[in-house]
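What follows is a structure written as C-alpha cells; I'll ask about it next.
Just so it is clear, none of the values below were taken in a lab; they were calculated from the coordinates. None of the values given here were measured: they were computed from a predicted structure. Quick reminder, even Gly has a Cβ in these numbers, built from the backbone with ideal geometry, and neighbours come from all protein chains shown.
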Amino acid sequence: MFRYRMLAATILGLAAIFTAVQAGGTLKSGPQLGQDVPGPFHPLNVTGEKKGEKACLYCSNGANPVAVVFAREATPAVANLLKQLDEATAKNSKASMGSYAVFCSDANGLDKQLEKLATDQKLTKLVLAIDNPAGPEKYKIAKDADVTVVFYLDFEVKANHAFKKGDLTDAAVTKVVADVAKIVK
C-alpha cells in the first residue's frame, strides 16, 4: 500500500512540475484561440487607403480572413514577417484576405521609418499603422510581448503567436505564416 501511495505521489509531483514548466514558457498576448476579436480601434494608418488618418482596420476587413501583427519595433525579423504576410495576402486575394501591422510605440519618426519599411519590402497589401505603446486596450497586448500575431476569420481567433524580444526567428516566421491556412479556405 505504501508503494502505491509513493508511486501516486511521484506521478502527481512530476505532473505538477511538467505543467509549471509548460506554463512558464508560454507568453500570452492578445485575443486567444477561439475567442472573438475584441472589436474596433482606430490607429494612425501610415500606409493604405486611409494613409495619414486614424481609421479602423478591423472595420475595413470585416468578417474576412485577417492576419494582424502587433509589434513594438520595426526589426529585420518583423520586416521579414510582414513581407511574407503581404505575399500571402496578395496570393489569397480571391478569399478577400486582409492584413495589417500595428506598431505599439510613440517613438519619434516611426511613421517615416514605417514608410521606408513599406517601400523597402515592397508591401502592397499589408497596411502599416501606429497605436499607443500599450496597444488597443481591449486587445490585451502583453507588455513583454515584442510581437503578437493574430489570425482571425469571421471575427474569431484561429491562431495566436506571441514572442518576447529576440524570439522571432526565421523558423518562427515560417511557422507563423503557415497558419494562413487556418483562415483561408
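I'd like the Kirkwood hydrodynamic radius of the stretch 19-174, using the inverse of the mean 1/r over distinct C-alpha pairs, in Å.
Numbers: mean 1/r = 0.0644 Å⁻¹.
After inverting the pairwise mean of 1/r, the radius is 15.5 Å.
Based on Cβ point charges of +1 for Lys and Arg and -1 for Asp and Glu, what charge dipole magnitude is obtained for the chain about its Cα centre, in debye rounded to the nearest 20?
Values: 23 positive and 19 negative charges, 109 e Å.
The dipole of the chain has a size of about 520 debye.
Then there is this: Over the stretch 136-185, what relative contact order in percent results from Cα pairs under 8 Å that are six or more residues apart? Before the final figure, lay out the partial values.
Values: 46 pairs, mean separation 16.8, N = 50.
With pairs under 8 Å counted, the relative contact order is 34 percent.
Okay, moving on. Run the helix sum for the chain: -39,500 (n - 2.57) per DSSP H stretch of 4+ residues, divided by residue count, reported at 222 nm to the nearest 500 deg cm²/dmol.
The helix contribution divided over the chain gives -11000 deg cm²/dmol.
Taking every DSSP beta bridge with both residues inside the chain, roughly what % is antiparallel (nearest 5)? If you can, show how the numbers build up before the last one.
Details: 17 of 28 bridges.
Around 60 percent antiparallel, to the nearest 5.
Then there's this: Roughly how many debye, to the nearest 20, is the charge dipole of the stretch 19-89 about its Cα centre, given +1 on each Lys and Arg Cβ, -1 on each Asp and Glu Cβ, and no other charges?
Roughly 160 debye for the stretch 19-89.
Each residue of the stretch 125-138 in order: what ³J(HN,Hα) in whole Hz does its phi give by Karplus 6.51 cos²θ - 1.76 cosθ + 1.60, θ = phi - 60°, with x for Gly and Pro?
Calculated HN-Hα couplings, in order: 10, 6, 8, 9, 9, 10, 10, 5, x, 7, x, x, 3, 5 Hz.
Just want the answer: with Cβ charges of +1 for Lys and Arg and -1 for Asp and Glu, which residue in GLY52, LEU81, GLN32 is farthest toward the dipole's positive end in the chain?
Toward the positive end, the furthest listed residue is GLN32.
Using the eigenvalues of the Cα gyration tensor, what equivalent ellipsoid semi-axes result for the stretch 120-180 when each is taken as the square root of five times the eigenvalue, whole Å, largest first? It would help to have the intermediate numbers written out before the result.
On the way: eigenvalues 65, 51, 47 Å².
They are 18, 16, 15 Å, listed from largest to smallest.
Go through 54-61, 149-156, 34-41 and give me the packing order, highest mean Cβ count within 10 Å leading. Intermediate results must be reported in sequence, preceding the final value.
Values: 54-61: 17.2, 149-156: 20.1, 34-41: 14.0.
Per-residue mean Cβ counts within 10 Å order the peptides as 149-156, 54-61, 34-41.
Next question, about the same structure. List the cysteines of the chain that have no other Cys Cβ closer than 4.7 Å: which are they?
For the chain, the answer is CYS104, because their Cβ atoms have no other cysteine Cβ under 4.7 Å.
Still on this structure, please answer the following. Does anyone have the angle between helix 76-91 and the longest principal axis of the chain? Alpha-carbon axes, 0 to 90°, nearest 10?
70 degrees
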